[in-house]
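Undergrad: This structure is in structure tokens; I'll ask about it shortly.
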């Protein structure tokens, strides 16, 4: 199967601070602004999500409509939840998820019923596999607001979910199913559906990929010689028929590939027309080259034809005898960028060539309307010595990433009707599931689905049909698909079915539902759950609604703000004791007013405003340090008239400068401000850098005062002063 990646954001536990070698201003901004942000607990995704079955349970024995299982009622589940998981959520998640905070869903609401509904409806628990519950994964994988140690917190949550499952006897048997539930079926209980008849004439090569293992994909067309494909490199079998490519290829021998030349291009007997049909799932839309999906070629410079991918486009090259067409089949016919016909999803693509219309490309049964840039001509110059290959070039340097589920080569150009017919026939392994509902609607009655694997994450349940031996007159309403005892919230397209059954074979819906996988097709077990079926009722009572969110008029303002230009100036004057009308500060303020913050909204704060604040702080600190009376009052005993190596030579001497600055500008014992112990190492580092290489001769008293101004400005321009 194609590989995927899952990335998560690592967050530090609540209250933990990260220290790094930041500049003085940035460090202090970080200290002052540090807080805990409440995230959305509902983020992320998992293949093991689902609401628990609260209206019944999943019978454990296939074919036993009465079965036993975790048949706890909603009330019983709420009681178990309130005694196991709910207390943990209340102890640790109320700041964000209790209903009044910024996080959703409200899984920590004080009302256990409301919290239970938020947990179940948003697929946060997996009682069948507690380790895969979203509540657990958010802690151990995403490190989302752990309250102590993320691994230990995850283990605590997992144990609580397991205790919940044990209390309701989830999957343990011994409790009669309370809801209206069918028997349970797995993939081994279905039988293969042939689907709609495909157009099968004029086939010269056919690959259905049903082997499922081995190193050869067989040509099952019956046309000799069999053009079997040897699998090389990173190629894997798909469980629902197909091959998945990353860096590998599937290539036929030169000898067997010759039948394409003989049946299509040979001057004396070839049809001079052909079609290539494929069901593909491109791995992404950023492949270029073109990346080779299907090719009949020799290396990157010579080919008879190919179907390739260029970003969102299909690329069709074909060699003819026309002089304007080169040995590489160019110019290509390519779908336009604007249409984005190629998508990273399952698609049916057909390319055709004949002597009248030239090249054509069809996607999902529809001609793309792109005209061939060159006229049609004969194929007599095809080379019979080329190889037929999938997923790469014969030279292995044009890899394509994706999956192929069917490939067919015809020696005619298919008509529009034939292409539509094959598109409607579908592809892949499709099974018919017959769910027994005879316990509720009488002997011999069942509901039939056509089921297939859509991709590595999900199944496709299609066209449910009620079948009975005789004409009935009963009601069927709100049908849901149960997976391993859980009812996934997503993909339930049949909950709106409300039908009166009046015939022996009645289609309930033409739709399909995409149902998420849990353990995979080898292990997943399915059942049907109903609200009304025949004379039986199991009304699904929605949980009580959660509290209404507070009314908001626009986006909420941040709880922190920034001082506006007047307050910045006034604050700096008070903290330094400098008269704001002094020549230096007054001139700087007049020059910088337009660049300073104009309001309190922290979201509007910009780097240019920080620069202005820094410039203004330097003027105030310069006046403070150069005025003996002011500096003597604030820093009694500090030797401003000594060389820098003497003035800053001991920790005690440095404290005479640092401690008064920190105490005055950050405050003492203020909870949201940095302490001396946090700030001092940063200012020490700044002093070390500013006196590096100094001696008594080179760094006199002028350098001492300059360093003092820098230390003063680092604090005065920081968030400790400018934010409130």
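We did not get these values from a lab; they are worked out from the coordinates using the rules stated. The shown structure was predicted, so the numbers you read here are calculated from the model rather than taken from an experiment. Neighbour counts are summed over all protein chains in view; Cβ atoms, including those assigned to glycine, are modelled from backbone coordinates with ideal geometry.
Undergrad: Assuming R0 = 41 Å, what is the FRET efficiency of residue 560 and residue 650, from their Cβ-Cβ distance, to the nearest 0.05?
TA: 0.65
Undergrad: Seen from all sides and averaged, what is the projected area of the convex hull of the Cα atoms in the stretch 203-425, in nm²?
TA: Projected area, direction-averaged: 10.7 nm².
Undergrad: Apply 1/(1 + (r/R0)^6) to the Cβ-Cβ distance of residue 356 and residue 606, taking R0 = 56 Å, and write down the FRET efficiency to the nearest 0.05.
TA: In this case the efficiency is close to 0.30.
Undergrad: Return, for the Cα atoms of the stretch 433-484, the radius of gyration and Dmax in Å, separated by a comma.
TA: 12.9, 40
Undergrad: Please give the contour-minus-distance gain from residue 593 to residue 302: 0.36 nm per residue of separation, less the Cα-Cα distance, rounded to one decimal in nm.
TA: Value of the extension gain: 97.8 nm.
Undergrad: Taking the square root of 5 times each eigenvalue of the Cα gyration tensor, what semi-axes in Å does the equivalent ellipsoid of the stretch 73-168 have, largest first?
TA: Working from the Cα gyration tensor, I get semi-axes of 18, 17, 11 Å.
Undergrad: While we're here: Order these peptides, 314-322, 560-568, 532-540, by their mean beta-carbon neighbour count within 10 angstrom, highest first.
TA: Highest-to-lowest ranking by the protection proxy: 314-322, 560-568, 532-540.
Undergrad: For the pair residue 663/residue 489, report the inter-label distance in nm, with labels modelled 7 Å from Cα in the Cβ direction.
TA: Taking the simple label geometry, residue 663 and residue 489 are separated by 5.5 nm.
Undergrad: Order these peptides, 352-362, 476-486, by their mean beta-carbon neighbour count within 10 angstrom, highest first.
TA: The packing order, highest mean first, is 476-486, 352-362.
Undergrad: Another question, then. Points 7 angstrom from Cα along the Cβ direction at residue 698 and residue 724: gap in nanometres?
TA: About 4.5 nm separates the two model spin labels.
Undergrad: Hey, another quick one. Calculate, in whole percent, how much of the Cα-Cα pair population of the stretch 565-722 lies beyond 25 Å.
TA: 30
Undergrad: Neighbouring Cβ atoms within 10 Å as the yardstick, rank 517, 259 fewest first.
TA: Ascending number of Cβ neighbours within 10 Å: 517, 259.
Undergrad: Determine, for 114, 679, 611, the number of other Cβ atoms within 10 Å of each Cβ, and report the residues in order from fewest to most.
TA: Listed from fewest to most nearby Cβ atoms, that is 611, 114, 679.
Undergrad: Once you wrap a convex hull around the alpha carbon atoms of the stretch 592-666, what is its projected area averaged over all directions, in nm²?
TA: 6.5
Undergrad: What FRET efficiency do you get for residue 500 and residue 344 if R0 is 45 Å and r is their Cβ-Cβ distance, rounded to the nearest 0.05?
TA: Working from the Cβ atoms, E equals 0.60.
Undergrad: I've got another one for you. Find how much the distance from residue 417 to residue 378 grows on full extension, using 0.36 nm per residue of separation minus their present alpha carbon separation; answer in nm with one decimal.
TA: Result for the pair: 11.5 nm of gain on full extension.
Undergrad: OK, next. Testing the spin-label approximation: label points 7 Å from Cα along Cα→Cβ at residue 192 and residue 641. State their distance in nm.
TA: About 10.2 nm, to one decimal.
Undergrad: Another question, then. Taking the mean number of other Cβ atoms within 10 Å as a proxy for protection, how do you rank 204-213, 705-714 from highest to lowest?
TA: 705-714, 204-213
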